[in-house]
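First comes the structure, then the notes that go with it.
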Amino acid sequence: MKTIKPLHILLFILLVLLALAGVSSVFPTDGVMVFGQKISFPNLETYFSAKGNEKTDISKIVALADAEDKITDNDTLKPSADSLIKKEINYTEVNDPAIKLITSIQYKDSAKSALYNFFESLAAVQSDNKSIRILHYGDSQIEGDRITDYLRQKLQTHFGGKGCGFIAAVPVTQSVGTRQSWSDTWDRYSIFTAKDTRVPHNSYGIAAGFCRYCNYNDTVAVKNAWLKIKTTQGAGSLVASYNKVKLFYASTRKKTQIQFLENDVLKNTDTLLTKGNFNIKQFDLSQAPNTFEIKFQGKDSPDIFGLSLEGDGGVMVDNFGLRGSSGTFFNQLNLQHLKLFYDYLNTKFIILQFGGNTMPNILDKTMAANFGDFLRAQINAIRKIAPNVSILVIGPADMSIKDGDTYVTYPLLEDVRDAIRLAAFQTNCAFFDMYDCMGGKNSMVSWVDQGIAATDYIHFSPAGARKIAVLLYGALMNDYNNFIQKKNNKNL
């Protein structure tokens, strides 16, 4: 057997390196397109130049978020209905005009009236017995209740309200305030990335998806299934202090019995309805439970659109983190079915936070503009069934793509942002520019360096999500304060 000498290995490595250097010298620096995919090859000049990532200074933005986050609310302050209209919410005044500009909510004109219906409802909520609802739709950037949980804590502290609101029966990821478990036959059915071909209808509910513990064709044998929800203090005491659970479901074709257990004690036994695609079963609690469980038994599974953990009155804020979605699904839903949810929940404010998932597919300015058209169609679909609901559209965060050995902002991200803003203004929505709020071009690199964004250069870390939430809340309350001042001055 011939022995391989070290010198032979060294020569082989040198020959491979020379071959790679040769390819590098002739390979186009901009790469080549093969079957619609861009293929790049390292360039020697770029490699040896040791070019670092271009970074944006975000120090003032981070300092502002930290300053606002230090403002603590006294949970015991509950202003009377008479004083509420005069109450202004604390937030940090911004002295730097440039920073104030990029962290403010934008409107199509100087009237800035797009959110007035919501502000009116918010100012009066403590004088009403019924809660008002805020729905926060977004992609994986808000998954697990990120961003939403901070808005909920602050709004419930100032205006009342308890509970985390809507949760899926089987979540993709656990949220801050709850820990969920379930039996092993559950499955998810959704429409927010593509319509599930197993579903014979378009009534997907308020979260554009639902859960079942057996498929539509399996109605012969009796099945048993269960859901268990444990409440934690991770999202604050108000979220954990709900006193009712509502189960939203579509009817079953076969008789289905349910049991409700509170802290492992059986509290309720009932049978689900066998008619209608919008049904609600409410369970009233004797106290804020540590855990509750719902058991199902029958030959068919209902479409379970979700559960709502609620208190009495105040503000409810729901998180709908739709992983992989671009937000262009609303006009595929049964809108009259969706309207039943919006009306029942007394929805006053909808936040739409999308755009990130479309970026890899945007190849030119025309495609960016087209996405704005698609989003406008979704907002118009919502307007048809909820014409008086205020809507805030949030643009995409900065996202980085690898360019050689460096990370740079996605090409055309600003074009997509501009198209989203135009769609918002054309449909009388307000707009929050998360890209500029982060610091603009190449700001994601700085967020990653400071540990407030993930190393995928796309998502925020939990700490980063909180900073964005703080800035968003501050901007929202700034405009609420302006509304209150105008109202007190009889200018509205």
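For the range 271-312, name all the residues that are among the charged types (D, E, K, R), in contact with a Phe, Trp or Tyr (Cβ under 9 Å, 6 or more places away or on another chain) and more than 16 Å from Asn224 (Cβ to Cβ). Talk me through it step by step, then tell me what you get.
First pass over the range 271-312, keeping only residues among the charged types (D, E, K, R): 275, 281, 284, 293, 295, 299-300, 303, 310, 312.
Keeping just the survivors that are in contact with a Phe, Trp or Tyr (Cβ under 9 Å, 6 or more places away or on another chain) gives 281, 293, 295, 300, 303, 310.
Lys281, Asp303, Glu310 - these are the residues of the range 271-312 that are among the charged types (D, E, K, R), in contact with a Phe, Trp or Tyr (Cβ under 9 Å, 6 or more places away or on another chain) and more than 16 Å from Asn224 (Cβ to Cβ).
Being hydrophobic (A, V, I, L, M, F, W, C), closer than 23 Å to Ala475 by Cβ and touching a residue at least 24 places away in the same chain (Cβ under 8 Å) is the filter here; which residues of the range 438-457 pass it? Talk me through it step by step, then tell me what you get.
Within the range 438-457, the subset hydrophobic (A, V, I, L, M, F, W, C) is 438, 444-445, 447-448, 452-454.
Within this subset, residues satisfying the condition of being closer than 23 Å to Ala475 by Cβ are 438, 444, 447, 452-453.
Selection gives Met438, Met444, Trp447, Ile452.
Examine the range 84-93 for a residue that is at pLDDT below 95, closer than 30 Å to Asp284 by Cβ and over 19 Å from the mean Cα position of the chain (by Cα), and state whether such a residue exists. Full working, then the answer.
First, the residues of the range 84-93 that are at pLDDT below 95: 84-93.
Now drop any that are not closer than 30 Å to Asp284 by Cβ, which leaves 84.
Next, only the ones that are over 19 Å from the mean Cα position of the chain (by Cα) stay: 84.
So far as the range 84-93 goes, yes, one or more of its residues are at pLDDT below 95, closer than 30 Å to Asp284 by Cβ and over 19 Å from the mean Cα position of the chain (by Cα).
Go through (1) within 16 Å of the chain's Cα centre (by Cα); (2) surrounded by fewer than 22 Cβ atoms within 10 Å (Cβ to Cβ); (3) of a type in the set (Ser, Thr, Tyr) one by one and return the number of the condition Thr178 breaks.
Tallying (1) within 16 Å of the chain's Cα centre (by Cα); (2) surrounded by fewer than 22 Cβ atoms within 10 Å (Cβ to Cβ); (3) of a type in the set (Ser, Thr, Tyr), Thr178 fails exactly one: (1).
Any residue at all in the range 433-448 that is over 27 Å from Glu68 (Cβ atoms), surrounded by fewer than 19 Cβ atoms within 10 Å (Cβ to Cβ) and assigned by TED's automatic domain parsing to the domain that holds Asn370? I'd like the intermediate steps shown before the answer.
To start, the set of residues in the range 433-448 that are over 27 Å from Glu68 (Cβ atoms) comprises none.
No, the range 433-448 contains no residue that is over 27 Å from Glu68 (Cβ atoms), surrounded by fewer than 19 Cβ atoms within 10 Å (Cβ to Cβ) and assigned by TED's automatic domain parsing to the domain that holds Asn370.
When only residues in the range 91-119 that are touching a helix residue (DSSP H, G or I) at 6+ places or on another chain (Cβ under 8 Å) and free of Cβ contacts under 8 Å to residues at least 40 places away in the same chain count, which is surrounded by the fewest Cβ atoms within 10 Å (Cβ to Cβ)?
Asp96
With the checklist (1) in contact with a Ser or Thr (Cβ under 6 Å, 6 or more places away or on another chain); (2) modelled with pLDDT of 95 or more in hand, flag the one item Thr274 doesn't pass.
(2)
Select from the range 106-145 the residues that are closer than 24 Å to Asp418 by Cα and in contact with a Lys or Arg (Cβ under 8 Å, 6 or more places away or on another chain) and list them in ascending order.
Those that are closer than 24 Å to Asp418 by Cα and in contact with a Lys or Arg (Cβ under 8 Å, 6 or more places away or on another chain): Gln106, Ala114, Asp139, Ser140.
Of the residues Ser203, Ser175, which single one is closer than 16 Å to Asn279 by Cα, in contact with a helix residue (DSSP H, G or I) (Cβ under 6 Å, 6 or more places away or on another chain) and touching a residue at least 40 places away in the same chain (Cβ under 8 Å)?
On the way: Ser175 fails: closer than 16 Å to Asn279 by Cα.
None of the other options fit; the residue is Ser203.
Table: residues versus (1) in the same structural domain as Thr328 (by TED's automatic domain parsing); (2) within 30 Å of Cys211 (Cβ to Cβ); (3) among the polar types (S, T, N, Q); (4) assigned to a loop (DSSP other than H, G, I, E, B).
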{"residue": "Asn95", "(1), (2), (3), (4)": "yes, no, yes, yes"}
{"residue": "Ala98", "(1), (2), (3), (4)": "yes, no, no, no"}
{"residue": "Lys112", "(1), (2), (3), (4)": "yes, no, no, yes"}
{"residue": "Leu122", "(1), (2), (3), (4)": "yes, no, no, no"}
{"residue": "Ile134", "(1), (2), (3), (4)": "yes, yes, no, no"}
{"residue": "Glu143", "(1), (2), (3), (4)": "yes, yes, no, no"}
{"residue": "Tyr150", "(1), (2), (3), (4)": "yes, yes, no, no"}
{"residue": "Thr193", "(1), (2), (3), (4)": "no, yes, yes, yes"}
{"residue": "His201", "(1), (2), (3), (4)": "no, yes, no, yes"}
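Looking at the structure I just gave you, is Asn243 surrounded by fewer than 21 Cβ atoms within 10 Å (Cβ to Cβ), of a type outside the set (Ser, Thr, Tyr) and farther than 26 Å from Gly311 by Cα?
Numbers: surrounded by fewer than 21 Cβ atoms within 10 Å (Cβ to Cβ): yes; of a type outside the set (Ser, Thr, Tyr): yes; farther than 26 Å from Gly311 by Cα: no.
Considered against the rule, which asks whether it is surrounded by fewer than 21 Cβ atoms within 10 Å (Cβ to Cβ), of a type outside the set (Ser, Thr, Tyr) and farther than 26 Å from Gly311 by Cα, Asn243 comes out as no.
Only one of these conditions is not met by Arg323: (1) assigned by TED's automatic domain parsing to the domain that holds Asp398; (2) of a type in the set (Lys, Arg); (3) farther than 18 Å from Leu392 by Cα; (4) crowded, with 19+ Cβ neighbours inside 10 Å. Which number is it?
Result: Arg323 fails condition (4) only.
With a cut-off of at least 3 residues that are closer than 20 Å to Gln174 by Cα and either under 30 Å from the mean Cα position of the chain (by Cα) or not assigned by TED's automatic domain parsing to the domain that holds Gln174 (or both), name the strands (runs of 3 or more DSSP E) lying wholly within the range 211-306. Lay out the reasoning, then the answer.
Values: elements: 223-231, 244-249, 256-262, 265-271, 279-284, 291-298.
Hits in the range 211-306: 223-231, 244-249, 291-298.
List the helices (runs of 4 or more DSSP H) that sit entirely inside the range 353-456 and contain at least 2 residues that are at pLDDT 95 or above and over 22 Å from Ile105 (Cβ atoms). Show your work before the answer.
Values: elements: 365-385, 413-426, 434-438, 443-449.
Output list reads 365-385, 443-449.
Take the conditions outside any loop (DSSP other than H, G, I, E, B) and under 21 Å from Glu143 (Cβ atoms) and apply them to Leu338. Does it pass?
Here the answer is no, as Leu338 does not meet what is asked.
Filter the range 338-384 down to residues that are of a type outside the set (S, T, N, Q), in contact with a helix residue (DSSP H, G or I) (Cβ under 8 Å, 6 or more places away or on another chain) and surrounded by fewer than 19 Cβ atoms within 10 Å (Cβ to Cβ), then give me how many there are.
Step one: of the range 338-384, the residues of a type outside the set (S, T, N, Q) are 338-345, 348-352, 354-356, 359-360, 362-365, 367-369, 371-377, 379, 381-384.
Add one more test, that the residue is in contact with a helix residue (DSSP H, G or I) (Cβ under 8 Å, 6 or more places away or on another chain), and what stays is 338-339, 342, 348-350, 352, 354-356, 359, 362, 365, 367-369, 371-373, 375-377, 379, 381-382, 384.
When the remaining residues are screened for being surrounded by fewer than 19 Cβ atoms within 10 Å (Cβ to Cβ), the result is 339, 365, 367, 369, 373, 377, 381, 384.
So the count comes out to 8.
The values are calculated or read from the model by the stated rules, or taken from the named source; none is laboratory data. Just so it is clear, the structure is predicted and the values come from calculations on it, not from any experiment. Methodologically, a virtual Cβ is constructed for each residue, glycine included, from the backbone with ideal geometry; neighbour enumeration extends over all protein chains shown.
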